[in-house]
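Undergrad: This is the structure I have questions about; it appears just below.
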Amino acid sequence: MALSRALVRSVGLRVICSSTAAQPVQSRPLPAPKVSPDLNSFVFRTHTCGELCAAHIGQEVRLCGWIQYQRQGAFIVLRDFDGLTQIVMPQEESIAHLKKILCELPLESVITVTGTVIPRPPGQANLEMSTGKIEVRMQHAEILNRCKKLPFETNELVKKSEALRMQHRYLDLRSSQLQYNLRLRSQMVMRMREYLCNLHGFVDVETPTLFKKTPGGAKEFVVPSREPGKFYCLPQSPQQFKQMLMVGGLDRYFQVARCYRDEGSKPDRQPEFTQIDIEMSFVDQARIQKLIEGLIKYSWPEEKGDIDTPFPSMTYSEAMDSYGVDKPDTRFEMKIVDVSEVFRNTEISFLRDVLSHPCGAVRVISVADGVKYLKKKDLENLTELAKALFNQDLTFVALQPDGTWKSAHAKILTNVEKSQLCHATNLQKGDVLILTAGDRTMANVALGKLRLKCADILESRGVALRDPGIFNFLWVVDFPLFLPKEDSPEEFESAHHPFTAPHPDDAHLIYREPGKVRSQHYDLVLNGNEIGGGSVRIHNMELQHYVLEKILKEDSGLLSHLLEALDSGAPPHGGIALGLDRLIALTVGASSIRDVIAFPKSFRGRDLMSNAPDSVSPEELSPYHIQVNWPAEVHEDYEKS
């Protein structure tokens, strides 16, 4: 009987025994109730510095940590990852030597203290500390490590340059903010694992970090091998591996994946980063989006409030038309409005000239109370920015609080145009309009940049536009499958990546008008930041080969392994990658992903703590058959050594 059941399972059939057929279908088990972790197991402390309270009064405890403060020769504030506890040093003459040693001990030295928990004297409780109602009367202390003079104070009120913080990251990690960020990151990742593996049957698979060069995308890190002229590359993502896992029948894969791109750091990216990488078989776009909404809701920190699902959705065209960017921040309005019809018969010559072209348009954003908040210098800076970045000229129209119009073209504007302009933009007294005219796409992009710049200006003057406590998730869908190359507009490149499937309604256009094909690509945006991107993949070998060779002009031989896999019975499949670093940074309100990564890279992609990347001697390079044109000073150093 056991053998027959195994055979049934192996061929994918389902047998329902008559004795159990009438039983109700069992729902998925609910997650186990949260259990508070034992923070004091396997260590020689009895309690952390953040957990003692009035219930512990009278107990003898042992604490371990760093000296945060010393006060009046009578108190020490001890700190660990969990909080602070005030230690009272006895004044008895018999332990005067111990008191002297502790008072002279540098801050940030590591000690262990044994003592009794006592209540603080009346009126001396510190309600800002979780342990502020008690203190520990010290009976014994042991110095575990004396701290040298540090390059900066660990006090969080002391300003430190980011370079100095990264050079001594092990000290910076002692801050409560970084401790909070990394622990919240750990908790969210654990909840994601629970949701994917325990509730929905995903398989956590590690994929290689030594791979090969692949066409398209960002620059890859090259890793030498001992075979002459042969190199590995670090993968930009596990994209090809996860597709082949689907061909292999894994059905549901995920990974907390390390990814690499040979580019400098920015506030929202760096050369090595982490993705929550997901792939599923027999799935469509809507179901992947529903999975991700459930994943984020399940793992979302309670202290950040509830998030509503399903997330709203917006097409790429709508995003570009209304916000000038494919990752719009929907926490504030200031949308782009088309006012081309208002000026169709205008006497303003340059607007009339622009509208005579097929792609010409007049686009505008309205800045509420702009008369009050936008100074002359601000308008000059906005004009310079539009000209320098987008070669766009700007025109400003202000409706003064007294109802008069102020503009370089105010005398030419007719009453009809003024009325239509007010109606189209909902212009109110005190508002400022920023207009630009030209190619519709370029005008949108320029105003999208100016919209964010105006938000910065208004917020610098006390206007609350982008509440950091609000989390606006948004799906952006229906991206173009291909975009013209910047340096060669007659050729195409992938808008997402070359494995993205065309939109079913546009699939017939791929052979005739590939520039008009929409894709099954979707981005997840949070407060104006892309935190994830994915797609339904091409699972047909012939179509994938055609896209690579005929449209993208790529050498499909570099992807022969993937093409062979697709030709071996590949199921329909799709997935997504969430940028974990960006998601956590936005969740905790960090200005840079470096504040949620334990050991980040600098703007130039360097590890300032270890000074990596570093030089390697010619002798060490010899097994890899590599010769380097060394700078003269480096060569001299090696010669001397």
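Undergrad: When residues of region 334-374 are filtered for being in a loop (DSSP other than H, G, I, E, B), at pLDDT 95 or above and open to solvent by 30 Å² or more (accessible area, probe 1.4 Å), how many remain?
TA: Adding up the residues that qualify gives 3.
Undergrad: Every residue in region 390-404 that is under 26 Å from Gly448 (Cβ atoms) and either among the charged types (D, E, K, R) or loosely packed, with under 15 Cβ neighbours inside 10 Å (or both), please.
TA: Of region 390-404, the ones under 26 Å from Gly448 (Cβ atoms) are 390-399.
Across region 390-404, the qualifying residues are Asn391, Asp393.
Undergrad: Within region 378-387, work out how many residues are under 16 Å from Ser407 (Cα atoms) and either hydroxyl-bearing (Ser, Thr, Tyr) or out of contact with any strand residue (DSSP E or B) (no Cβ under 7 Å at 6 or more places or on another chain) (or both). Explain how you work it out, then say what you get.
TA: Here is the first cut: in region 378-387, the residues under 16 Å from Ser407 (Cα atoms) are 378-380, 382-383.
The next check asks that each one be either hydroxyl-bearing (Ser, Thr, Tyr) or out of contact with any strand residue (DSSP E or B) (no Cβ under 7 Å at 6 or more places or on another chain) (or both); those that pass are 378, 380, 383.
Residues that pass the stated criteria total 3.
Undergrad: Could you run through region 72-92 and say how many residues are in contact with a strand residue (DSSP E or B) (Cβ under 6 Å, 6 or more places away or on another chain) and part of a loop (DSSP other than H, G, I, E, B)?
TA: Summing the residues that are in contact with a strand residue (DSSP E or B) (Cβ under 6 Å, 6 or more places away or on another chain) and part of a loop (DSSP other than H, G, I, E, B) in region 72-92 gives 1.
Undergrad: Within region 233-252, is there a residue that is aromatic (Phe, Trp, Tyr), part of a strand (DSSP E or B) and free of Cβ contacts under 8 Å to residues at least 60 places away in the same chain?
TA: no
Undergrad: When the residues of region 144-175 are filtered to those that are surrounded by 13 or more Cβ atoms within 10 Å (Cβ to Cβ) and not in a loop (DSSP other than H, G, I, E, B), which remaining residue is modelled with the lowest pLDDT?
TA: Among those that are surrounded by 13 or more Cβ atoms within 10 Å (Cβ to Cβ) and not in a loop (DSSP other than H, G, I, E, B), it is Glu162.
Undergrad: Next question. Can you tell me how many residues in region 208-235 are at pLDDT 90 or above and closer than 27 Å to Gly569 by Cβ?
TA: Count: 4.
Undergrad: Among the residues of region 521-546, which ones are of a type in the set (Asp, Glu) and either part of a strand (DSSP E or B) or at pLDDT below 95 (or both)?
TA: Within region 521-546, Asp523, Glu530 qualify.
Undergrad: On to the next question. Output yes when any residue across region 206-218 is in contact (Cβ under 8 Å) with a residue 40 or more places away in the chain, of a type in the set (S, T, N, Q) and open to solvent by 60 Å² or more (accessible area, probe 1.4 Å), and no when none is.
TA: Within region 206-218 (the criterion being in contact (Cβ under 8 Å) with a residue 40 or more places away in the chain, of a type in the set (S, T, N, Q) and open to solvent by 60 Å² or more (accessible area, probe 1.4 Å)), the answer is yes, since at least one residue qualifies.
Undergrad: Here is a follow-up. Identify all residues within region 456-511 that are more than 24 Å from the chain's Cα centre (by Cα) and either in contact (Cβ under 8 Å) with a residue 60 or more places away in the chain or under 30 Å from Glu302 (Cβ atoms) (or both); write none if there are none.
TA: Answer for region 456-511, where residues must be more than 24 Å from the chain's Cα centre (by Cα) and either in contact (Cβ under 8 Å) with a residue 60 or more places away in the chain or under 30 Å from Glu302 (Cβ atoms) (or both): Ile457, Leu458, Arg461, Val463, Phe482, Glu491, Phe492, Glu493, Ala501.
Undergrad: Consider Lys387 carefully, then state whether it is open to solvent by 80 Å² or more (accessible area, probe 1.4 Å) and at pLDDT 95 or above.
TA: So Lys387 fails the test.
Undergrad: Another question about this same structure. Restrict the check to region 40-52 and report whether at least one residue is without any contact (Cβ under 8 Å) to a residue 12 or more places away in the chain, open to solvent by 70 Å² or more (accessible area, probe 1.4 Å), assigned to a loop (DSSP other than H, G, I, E, B) and closer than 21 Å to Gln179 by Cβ.
TA: Yes - at least one qualifying residue is present in region 40-52.
Undergrad: Check off (1) open to solvent by 30 Å² or more (accessible area, probe 1.4 Å); (2) touching a strand residue (DSSP E or B) at 6+ places or on another chain (Cβ under 9 Å); (3) touching a residue at least 60 places away in the same chain (Cβ under 8 Å); (4) part of a helix (DSSP H, G or I) for Cys197 and give me the number that stays unchecked.
TA: Checking Cys197 against (1) open to solvent by 30 Å² or more (accessible area, probe 1.4 Å); (2) touching a strand residue (DSSP E or B) at 6+ places or on another chain (Cβ under 9 Å); (3) touching a residue at least 60 places away in the same chain (Cβ under 8 Å); (4) part of a helix (DSSP H, G or I), the one that fails is (3).
Undergrad: Scan region 278-321 for residues that are open to solvent by 10 Å² or more (accessible area, probe 1.4 Å), among the small types (Gly, Ala, Ser) and out of contact with any strand residue (DSSP E or B) (no Cβ under 6 Å at 6 or more places or on another chain) and jot them down.
TA: Passing the criteria: Ala286, Gly294, Gly305, Ser317.
Undergrad: Please indicate, with yes or no, whether at least one residue in region 484-500 is modelled with pLDDT of 95 or more, aliphatic (A, V, I, L, M) and out of contact with any helix residue (DSSP H, G or I) (no Cβ under 6 Å at 6 or more places or on another chain).
TA: no
Undergrad: Every residue in region 455-488 that is hydroxyl-bearing (Ser, Thr, Tyr) and either assigned to a strand (DSSP E or B) or closer than 26 Å to Ser366 by Cβ (or both), please.
TA: Taking region 455-488 as the starting set, the residues that turn out to be hydroxyl-bearing (Ser, Thr, Tyr) are 460, 488.
The answer is Ser460, and nothing else.
Undergrad: Right, here's the next one. Suppose the filter is on the phi < 0 side of the Ramachandran plot, out of contact with any helix residue (DSSP H, G or I) (no Cβ under 8 Å at 6 or more places or on another chain) and either open to solvent by less than 30 Å² (accessible area, probe 1.4 Å) or assigned to a loop (DSSP other than H, G, I, E, B) (or both); does Ser560 pass it?
TA: no
Undergrad: Quick one: would you say Asn472 is at pLDDT 95 or above, buried (at least 18 other Cβ atoms within 10 Å of the Cβ), of a type in the set (S, T, N, Q) and touching a helix residue (DSSP H, G or I) at 6+ places or on another chain (Cβ under 8 Å)?
TA: no
The values are calculated or read from the model by the stated rules, or taken from the named source; none is laboratory data. Predicted model, so just to flag it, every value in this text is computed and none were measured. For neighbour counting, all protein chains shown are included, and Cβ atoms are generated from backbone atoms with ideal geometry for every residue, glycine included. These accessible areas exclude ligands, DNA and RNA; they are computed on the full protein's heavy atoms, side chains included. Shrake-Rupley method; radii C 1.70, N 1.55, O 1.52, S 1.80 Å.
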